[in-house]
Amino acid sequence: MSKLEFVNGSKIFKKNGQETVALEKTNLSIEEGKFVSIIGPSGCGKSTLFNMIAGLLQPTTGQILLDGKNIVGKSGQVGYMLQKDLLLPWRTIVSNIILGMELRGVPKKEAEGRALPLMKKYGLGGFEYHYPNELSGGMRQRAALLRTLLYDQDVILLDEPFGALDAQTRLMMQTWLLQIWGDFKKTVLFVTHDIDEAIYLSDEIYVLSPRPGRLKEIVPVHLPRPRDENTLSSDEFVHLKQKLLGMLKEDQERLQKVE
Amino acid sequence: MRGETENVVVQKHATFEKNKAIQKEDPFIEDEELKERRTNRLSVLGRVMVGVLLVVAWELFTRIGILDSYYWSSPTTIVQTGITSITEGTLIQDLFYTSGATVLGFILGTFIGSLLGLSFWWSDLYSNIAEPYIVAFNAIPKLALAPVLVIMFGIGFSSKVVLAFLMTVIVTAVAAHSGVKSVDKDLEKMLFSLGAKRKQVFSKVVVPSAMPWIVSSLKINIALALAGTIVGEFISSRYGIGRMILYAGQIMDTDLVWLGVVVLSMLSILMYLGTVWLEKLLLRGQVTQK
Ligand SMILES: Nc1ncnc2c1ncn2[C@@H]1O[C@H](COP(=O)(O)OP(=O)(O)OP(=O)(O)O)[C@@H](O)[C@H]1O
Ligand SMILES: [Mg+2]
């Protein structure tokens with residue numbers, strides 16, 4: 001059975017009397033423990049899809065099944081890291097990270113007891129009691145990701161978590177994410193604009209295409225794990241990259257013709 | 001031979017000097033605190049000097065007759081009047097009366113105003129219905145209502161508190177409402193995604209987000225509350241600095257009027273410092289915000 005399913009899901013927005021199809025009828029089926037990336041140009045409905053899975057947005061049609069149970073309109077069932085880091089500026093890093101546990105009523109001491117060792121392990125040691133604006137972009141992203149992980153859901157959605165980082169920090173964060181994914185055994189859905197990143201991290205890549213947003217193709221990635229820098233230059237990697245680039249280019253040409 | 005050694009020694013000495021020079025060079029460290037302390041010390045000094053200068057000039061000008069001491073009184077006379085008012089009059093009681101009404105009105109106004117402004121987060125419908133009334137109420141010159149309020153609440157302490165309260169409550173509500181409107185929707189979304197209930201979003205995101213807005217209204221509020229109290233005392237009162245000033249004016253005792261103004265100014269400064277302290281308390285940990 002799949003961990004997470006999106007059955008005949010779609011989303012239409014209506015504004016000023018005009019309907020925008022953010023996502024056409026789509027079917028997703030994600031297996032437990034997989035790392036799945038979603039790529040596609042801006043505006044193809046990636047964030048919309050995540051908002052629906054996270055229960056923040058009602059789909060126009062369809063069902064979202066988590067472990068076979070319908071979770072449409074229910075928030076708090078999956079971990080969700082939005083496109084920005086969204087750390088609360090008036091809280092220290094550690095109290096930002098324990099926010100999810102705090103909301104669930106876990107005592108502060110206990111929550112910090114869980115968070116502090118993880119912060120050390122994942123490169124935030126020494127910054128526990130700093131405020132978010134004293135941290136670099138990469139560290140803020142780590143903190144936001146740890147907050148999502150410590151919310152303790154099996155499925156986590158990451159919406160372009162590394163979009164704002166420079167190439168080097170990005171590579172470091174990707175390796176870090178793979179390490180975490182291995183440690184925590186989560187099912188991950190990961191949105192990115194970066195084809196390299198998608199291939200490097202994923203078991204499967206869902207390619208979306210815009211206007212209207214829809215699922216174009218599912219591309220499996222069979223690169224062996226653990227992956228490292230050498231993976232980036234392997235034949236399979238290069239081949240996949242070309243294939244994906246081709247698909248995105250098709251869309252671009254199609255859009256240009258329409259305009 | 002000797003010359004050579006000397007030469008070497010000189011050279012050695014030269015490099016030694018150079019090294020010393022390099023070592024001696026003070027490393028420049030951005031020390032915000034030190035810089036701040038330095039400017040702070042200077043500005044305190046400057047402030048005190050300007051104040052002393054003004055008082056001395058006042059005294060001097062009234063003595064030599066450039067300023068008419070009948071209208072302008074003079075610092076020494078004011079101090080003397082003050083001492084007699086404390087020992088023989090009711091200055092201290094008046095001071096407690098005025099400051100008590102002001103602080104009470106300020107606290108009530110700020111607290112209830114904040115609650116009112118924050119409550120608008122809960123429902124857009126409620127907020128939309130209430131908004132024009134808030135604007136209208138804000139536009140009413142509350143001081144013009146003072147005579148009615150004194151009739152309504154009597155000439156005692158409560159009518160002053162009510163005036164101070166009315167002066168502050170809407171200002172705070174408007175500030176808190178602006179704070180609520182400025183809350184980052186994505187922060188709210190993030191909290192909901194962590195399974196938060198509305199109540200939790202309110203206490204963890206909305207209140208702290210709006211806090212700087214509320215706090216920014218405090219300083220204006222304390223001055224408004226004081227103005228409210230004094231006008232209340234002007235209208236009709238048995239105690240208070242405002243009443244003292246009014247009475248002194250009626251008997252043309254300008255020294256006493258001046259005493260009242262000076263005491264009110266000092267009270268105002270003291271309460272201002274109080275709000276500065278309150279600001280720090282309320283924004284603990286928030287100083288770092290944006
Ligand atoms: N609340 C909304 N109201 C109306 N239209 C919306 C709303 N949210 C999204 N849309 C529209 O839906 C489409 C998909 O938006 P979405 O944010 O999901 O794109 P995205 O794939 O995440 O883009 P990006 O890569 O830039 O983040 C866009 O055309 C957008 O304008
Ligand atoms: Mg998006």
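Computed quantities for the displayed model
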| item | result |
| --- | --- |
| Options B:L118, B:L108; residue that is more than 30 Å from A:L150 (Cβ to Cβ) and more than 14 Å from every other protein chain (Cβ to nearest Cβ) | B:L108 |
| Residue in the stretch A:63-80 that is within 16 Å of ligand 1 (Cβ to nearest atom), in contact (Cβ under 8 Å) with a residue 40 or more places away in the chain and more than 9 Å from chain B (Cβ to nearest Cβ) present | yes |
| Helices (runs of 4 or more DSSP H) (entirely within the stretch A:145-259) containing at least 3 residues that are over 14 Å from the mean Cα position of the chain (by Cα) and hydrophobic (A, V, I, L, M, F, W, C) | A:167-184, A:235-258 |
| Unmet requirement for A:E204, which otherwise passes all of (1) within 16 Å of ligand 2 (Cβ to nearest atom); (2) closer than 24 Å to A:M81 by Cα | (1) |
| Cross-chain or 6+ apart pairs with Cβ under 8 Å, the stretch A:115-131 first and within 14 Å of another protein chain (Cβ to nearest Cβ) and surrounded by fewer than 16 Cβ atoms within 10 Å (Cβ to Cβ), then among the β-branched types (V, I, T) and in a helix (DSSP H, G or I) | A:Y129/A:I93; A:Y129/A:V94 |
| Selection within the stretch B:59-79 - surrounded by 14 or more Cβ atoms within 10 Å (Cβ to Cβ) and within 19 Å of B:L95 (Cα to Cα) | B:I78 |
| Boolean, A:G213 is within 16 Å of ligand 2 (Cβ to nearest atom) and more than 14 Å from every other protein chain (Cβ to nearest Cβ) | yes |
| Scope the stretch A:22-48; condition closer than 23 Å to A:L178 by Cα, buried (at least 23 other Cβ atoms within 10 Å of the Cβ) and within 12 Å of ligand 1 (Cβ to nearest atom); matching residues | A:I38, A:I39, A:G40, A:K46 |
| Spans of helices (runs of 4 or more DSSP H) in the stretch B:151-236 with at least 2 residues within 13 Å of chain A (Cβ to nearest Cβ) | B:185-193, B:198-201, B:207-216 |
| Any chance A:I180 is modelled with pLDDT under 95, out of contact with any Phe, Trp or Tyr (no Cβ under 8 Å at 6 or more places or on another chain) and of a type in the set (A, V, I, L, M, F, W, C) | no |
| Candidate set: the stretch A:1-21, residues that are within 16 Å of ligand 1 (Cβ to nearest atom) and among the small types (G, A, S); chosen: the one farthest from A:L245 (Cα to Cα) | A:G17 |
| Filter pass, B:V174 being among the β-branched types (V, I, T) and under 26 Å from the mean Cα position of the chain (by Cα) | yes |
| Selection from the stretch A:34-51 of residues that are within 12 Å of another protein chain (Cβ to nearest Cβ) and touching a residue at least 40 places away in the same chain (Cβ under 8 Å) | A:S47, A:F50 |
| Single residue of B:Y133, B:Y126 found to be within 30 Å of A:G73 (Cα to Cα), part of a helix (DSSP H, G or I), without any contact (Cβ under 8 Å) to a residue 60 or more places away in the chain and not polar (S, T, N, Q) | B:Y126 |
| Candidate set: the stretch A:1-20, residues that are part of a strand (DSSP E or B) and hydroxyl-bearing (S, T, Y); chosen: the one surrounded by the most Cβ atoms within 10 Å (Cβ to Cβ) | A:S10 |
| Residue match in the stretch A:192-203 (condition: more than 16 Å from ligand 1 (Cβ to nearest atom) and of a type in the set (S, T, Y)) | yes |
| Single unsatisfied condition, A:G55 versus (1) over 16 Å from A:V207 (Cβ atoms); (2) without any contact (Cβ under 8 Å) to a residue 40 or more places away in the chain; (3) more than 15 Å from ligand 1 (Cβ to nearest atom); (4) more than 14 Å from every other protein chain (Cβ to nearest Cβ) | (4) |
| Any chance A:T92 is touching a strand residue (DSSP E or B) at 6+ places or on another chain (Cβ under 8 Å) and within 13 Å of another protein chain (Cβ to nearest Cβ) | no |
| Odd one out for A:L103, checked against (1) within 11 Å of another protein chain (Cβ to nearest Cβ); (2) in contact (Cβ under 8 Å) with a residue 40 or more places away in the chain; (3) away from ligand 1 (no atom under 16 Å from the Cβ); (4) more than 30 Å from A:N8 (Cβ to Cβ) | (2) |
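Here's the yes/no breakdown for (1) under 30 Å from B:T254 (Cβ atoms); (2) in contact with a Leu (Cβ under 7 Å, 6 or more places away or on another chain):
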| position | (1), (2) |
| --- | --- |
| B:V44 | no, no |
| B:M49 | yes, no |
| B:Y71 | yes, no |
| B:T81 | yes, yes |
| B:I92 | yes, no |
| B:A130 | no, no |
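The values are calculated or read from the model by the stated rules, or taken from the named source; none is laboratory data. Please read all numbers here as calculations on a predicted model, not as lab measurements. In this analysis, Cβ positions are derived from the backbone assuming ideal geometry, glycine residues included, and neighbour counts consider all displayed protein chains.
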